[in-house]
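What follows is a short report on a single structure.
Where a number appears in this text, it was derived from the coordinates with a stated rule and is not lab data. The model shown is predicted, which means the values in this text are computed figures rather than measured ones. As a convention, Cβ positions derive from the backbone with ideal geometry for all residues, glycine included, and neighbour counts pool all protein chains shown.
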Amino acid sequence: MDREKAICLVSGGLDSCVTAAIAAARHERLAFLHVNYGQRTERRELSAFREIAAHYGVRETLILEMPHIRCIGGSALTDPDIPVPENALGEEGIPVTYVPFRNAHLLAAAVSWAEVIGAGVIYIGATEVDSSGYPDCRAEFFRAFERAAEAGTRPETRVRVAAPVLHMGKADVVRRGVELGAPLHLTWSCYQGESEACGACDSCLLRLKGFREAGVPDPIPYREG
């Protein structure tokens, strides 16, 4: 197992949980980072993050507040006046649930923390296979961000960005999570529900598709209808 310290960006969702499980299988020393940015399900995601961190016994955690992302707006996840589309998966174009350049904000914070705590790799649970087509979830973006981090940090700092589920479909993510014993029952993916998942937003539909194709029951509650 690698002794290099790794930071995991953990939203509390399916992809980030399985990514954390992959990191836990590779690294002895883990630090978990979570960001509240005014998303609709902020409290529920934070609860999932805390439970996943407890499951892996991660004591080095950081929870950041980034309210400026909500202030910037432009997304159905942060602006209550923009409705979350339902049953719209597969429509052309970038959906209104895209939070403009969100992963750049998250990774920038992770790089700063990595310099402070001596971490050499940042894990992020982005996927570009079964996704909603967010532009900041592409391999090209992560390669460019690595170059920016190298240019903007101390000469001795070496921070890699690892996105181990980037080329996995949701069914493969579920299967990998099951193989690693990831606590999938602790995850939360819904864009708008906090007690029950809506089952109709893009994130829910992708999640349900993944569990169905993997032949694994989805362990979280969904609203009826």
Within the under-15-Å Cβ sphere about E28, not counting E28, Lys/Arg +1 and Asp/Glu -1 give a net charge of +2
Taking Cα pairs closer than 8 Å and at least 6 residues apart, the relative contact order of the stretch 109-225 in percent is 24
Proxy exposure order for E224, E4 (fewest C-beta within 10 Å first) is E224, E4
Rounded to the nearest 0.05, FRET efficiency between E196 and L64 (Cβ-Cβ, R0 30 Å) equals 0.60
Taking 31-37, 138-144 and ranking on average Cβ neighbours within 10 Å, highest first, one gets 31-37, 138-144
Along principal axes, largest first, the alpha-carbon spread of the stretch 6-214 in whole Å comes out as 48, 38, 29
Measuring from its Cα centre, the chain shows a charge dipole (+1 at each Lys and Arg Cβ, -1 at each Asp and Glu Cβ) which, in debye to the nearest 20, is 580
Percent relative contact order for the stretch 6-214, counting Cα pairs under 8 Å at least six residues apart, stands at 28
